[in-house]
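Rule-based calculations on the coordinates, nothing more; no lab input. Quick caveat: nothing in here was measured; it's all calculated off a predicted structure. We place every Cβ from the backbone using ideal geometry, glycine too, and count neighbours over all the protein chains shown.
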């Protein structure tokens, strides 16, 4: 047991957190038993205490993509961010490329590569690729982020997304939180009013 008061408090808080996280996972019914009832729901926003704690501390699982998309190769070949992330200059959302967009090139190029063959299988089956979100804000943050004013202001994609030109599969290279955004807004002398980003 730690000897200082703050050390003991940290130890107790860590112990309680471990207990909560280990004992409050999503409820499962026993084989042949009844399904979990609505009374087990922790809040309307979080089905369990564990989910609430994970959002509160900002923990998110690392996304696993269905295809190992090599950003570095595409950027080296002159493909720009807005070629695949359509709409980033016009609106709030940087769109995720559809399988049809990818096949516009890959019907002819690199057709022998295993990841392109996975892409072709998606296309031939009529399914779109279930890309996993890499960046985003928790719903409870009430953030209304819009890409287009950032692009118009000349903010380079790498400022918020890291050096994607050196990445194979995109990873969260920058921890985007309120502090990150406020530091940038202050440095650029733009509004830090709450309603600029929050609804």
With 0.36 nm assigned to each residue of separation and the Cα-Cα distance removed, residue 121 to residue 185 gains 18.7 nm
Quick calc, residue 80 & residue 49: beta-carbon distance into FRET formula, R0 45 Å, rounding 0.05, result 0.55
Taking Rh as the Kirkwood radius computed over alpha-carbon pairs of the range 64-199 and applying Stokes-Einstein at 25 °C with viscosity 0.890 mPa s, one gets a diffusion coefficient in µm² s⁻¹ of 147
If the chain between residue 141 and residue 90 were fully extended at 0.36 nm per residue, the gain over the current Cα-Cα distance would be 16.0 nm
Ranked from fewest to most other Cβ atoms within 10 Å of their own Cβ, 171, 88 fall in the order 171, 88
Pseudo-spin-label distance residue 168 to residue 113, built 7 Å along Cα→Cβ, given in nm, is 1.1
Listing 107, 175 by rising number of other beta-carbon atoms within 10 angstrom, fewest first, gives 175, 107
Fewest to most Cβ atoms within 10 Å: 163, 112 sort as 112, 163
